[in-house]
1. Just to be sure I understand, how many residues within region A:115-140 are out of contact with any Leu (no Cβ under 8 Å at 6 or more places or on another chain) and either in a loop (DSSP other than H, G, I, E, B) or facing chain B (nearest Cβ under 7 Å) (or both)?
2. Can you find, within region A:234-248, the residue that is surrounded by the most Cβ atoms within 10 Å (Cβ to Cβ) among those that are out of contact with any Ser or Thr (no Cβ under 7 Å at 6 or more places or on another chain) and away from chain B (no Cβ under 14 Å)?
3. Counting only residues that are touching a strand residue (DSSP E or B) at 6+ places or on another chain (Cβ under 7 Å) and of a type outside the set (Val, Ile, Thr), which one in region A:150-190 is farthest from A:MET281 (Cα to Cα)?
4. Would you please name the residue that is surrounded by the most Cβ atoms within 10 Å (Cβ to Cβ), looking only at residues in region A:167-206 that are more than 18 Å from A:THR100 (Cα to Cα) and among the aliphatic types (A, V, I, L, M)?
5. For region A:174-233, which fully contained helices (runs of 4 or more DSSP H) count at least 1 residues that are within 23 Å of the chain's Cα centre (by Cα)?
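The values are calculated or read from the model by the stated rules, or taken from the named source; none is laboratory data. The model shown is predicted, which means the values in this text are computed figures rather than measured ones. So basically every Cβ, Gly included, is an ideal-geometry build from the backbone, and we count neighbours across all protein chains shown.
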Amino acid sequence: MSTEAPEAPAPEEPRRGTLRSSKGRMADPLFKWAVTACGTIVLVLLALMVLRTTSEAWPVFAKEGFFGFLFGDEWTSGGSRSEITGTYGAWPFIYGTLVTSTIAIVIALPLAIMVAFYLTHLAPRRLAKPLSYTVELLAAVPSVIFGLWGLHWFLPNVLRPFFELLEGVLGWFFLFEGPVRGVGYLAAGIVLAIMILPIMTAIIREVIVVHPIDQRMAAYALGSTRWEVLRHVVLPASFSGIVAAAMLGLGRALGETIAVLMLIGGSQAWGASLFGTGSSMASHIAATFGEASPEARTALMAIGVALFLVTMIVNILARVIVWRLGRMTGDAAV
Amino acid sequence: MSTMTSTPPSKHVPLNHRAPGSSFRRFKDRSATVVLTAAMVIAMIPLVLIVFEVTRRGIGVVNLDFITQTEPPPRREGGGYAAGFFGTLYIMALAVVMSIPFGIATAVYIVEYGPNRMTSAIRFFTDVMTGIPSIFVGLFVYGLLVIGWGGMGFGTFVGAVAIAVMMLPIVTRSAEEMLRLVPNEMRNASYGLGARKWQTIVHTVLPAAAPGLTTGSMLAIARGIGETAPLLLTAFGSGLVVTAFQGSAQGAVPIQLYRGAAQPFEAGVDRAWGAALCLFVLVLAFTVVARWIGSKASTGSH
């Protein structure tokens, strides 16, 4: 944009003068009013979301206390219509969400960085474009397909033998204690990693692509090898983009429902072993909502509010980090 | 600078000599290349496997019956996802009507009437909205419409509202980017001809951005088709074709797929693979066509 011929100044709305006929004089204000109304929908929706779900979930928070709800580890739903009779502690589900998302990020982030580096700097020119295009297409695949594939192909053919091997070798370590059931935290985390890999790769790739070529050329001119250029020039410059990608991937992983629901095992227990079954916040809502009593639905609503809070914090943090790093390094952040 | 001479500095090493330690640096470079290539291969394997497996298991299931017949009990073979396809079509049509006009209008407000405090707030919260978990959107619409506000119950309309809420920020963000690409010369030319602001927007800016707006809308639709979680809480799912606008539970392909895959009967799982193939093809078709329109428009205008 900046290299083009002098840009036209931003148009001012023409002043209403005597030349203008008074016919249709109300059209402009009306149009502006209509468009503004549409614009405020987003704000109204978000406000409604917060108010409606919080007020719906209020009785549960009132009975358990906010932190009692978050850290209580007993979930027994009562069948009442009008009051809260059960015990609601969301910790097993919060734990499941944290564990599966952590597994997903730990696996996917390094891979995404490496794949983005490969796509931008190493791939043969003929391969680079179709490969990055494929990666972006795969970011659009619905999560229910990942769940189906994970449960009916990946788990029995790849993950289960791998888990059994892992249990045999590292079974003495508390993270890999048996028994191996197949479904569980680790299975859900690995499939989540596969799911968030394309979107993270796409974002990191975009950030690397806009990195100015003269810095790289200067580094090459100083005699750097390709690896040194990647490590000491490209990686630091695209750091904020990588953080943004990690946060966005984390946001996805935290809120992902269907694929996790199909692979995590759906129990209400929680334990240190990664082979154990459990539930994430989102998967527990989706799994039990259909048959839940009105009272239990209120409690599920409360889980939703907690999930919303966590993802909002992650999202806003990502934005602030990107904004600050972007200002510091002056790179084109997402 | 005055000491500059034509002779090389005393420690100069000609380029065709290797510096000490260069073999280790070359080794590091080589191994980095190998590791990065391996990462690419590792990342592609599961994705290739998914495409392969969905095609292999799904291709035998999908036929005309699969689209026109309803599903028998999970144990029995045959039949199809007519209820789901009809429901998805119904829900998506409503969701498109609800989300795309508002999304584009919001983008018009941001680009044409901004920047001011209001527009930057809207931009920020649109960004925030893209990160909201889909299950929470389902809970919200459940709380707002299904049990709140007179209790509309489960149905097509509330499902469509949930999908529209998911699509709205995607449409807005992409439309905003596209409107920003319309050069100011065009706006000025329109004003110069005496057009009012709304005429400029409707007759000049929006047509100029039309291909880009189409791309963004189609990508949003591709995203909406596959959404499962919000529909579980709003449309609720149905095995029969439901034509009611609101009040009785409506089916959708992703819901049927999930329920089919979650039970242990071979026939039901087979149908789920068929549905997965259909969804996959639909989503890819929308994405590819959207990208194609987008790339054609951007090469045409420059």
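1. Result for region A:115-140: 2.
2. A:SER238
3. The residue in question is A:ARG181.
4. Per the criteria, the residue is A:ILE204.
5. A:185-209
Per-residue answers, yes or no, for (1) within 9 Å of chain B (Cβ to nearest Cβ); (2) modelled with pLDDT under 85; (3) more than 18 Å from A:MET312 (Cβ to Cβ):
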{"residue": "A:ARG16", "(1), (2), (3)": "no, yes, yes"}
{"residue": "A:LYS23", "(1), (2), (3)": "no, yes, yes"}
{"residue": "A:LEU30", "(1), (2), (3)": "yes, no, yes"}
{"residue": "A:VAL44", "(1), (2), (3)": "no, no, no"}
{"residue": "A:MET49", "(1), (2), (3)": "yes, no, no"}
{"residue": "A:THR54", "(1), (2), (3)": "no, no, no"}
{"residue": "A:LYS63", "(1), (2), (3)": "no, no, yes"}
{"residue": "A:GLY68", "(1), (2), (3)": "no, no, yes"}
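To keep it simple, each residue is scored yes or no on (1) more than 14 Å from chain A (Cβ to nearest Cβ); (2) surrounded by 17 or more Cβ atoms within 10 Å (Cβ to Cβ); (3) assigned to a helix (DSSP H, G or I); (4) among the acidic types (Asp, Glu).
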residue: B:PHE52; (1), (2), (3), (4): no, no, yes, no
residue: B:THR55; (1), (2), (3), (4): no, no, yes, no
residue: B:GLY78; (1), (2), (3), (4): yes, no, no, no
residue: B:TYR90; (1), (2), (3), (4): yes, yes, yes, no
residue: B:ALA93; (1), (2), (3), (4): yes, no, yes, no
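Rundown of residues vs (1) in contact (Cβ under 8 Å) with a residue 40 or more places away in the chain; (2) more than 10 Å from chain A (Cβ to nearest Cβ), yes/no style:
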residue	(1), (2)
B:ALA209	no, yes
B:GLY212	yes, yes
B:THR234	yes, yes
B:SER238	yes, yes
B:PHE245	yes, yes
B:GLN250	yes, yes
B:VAL283	yes, no
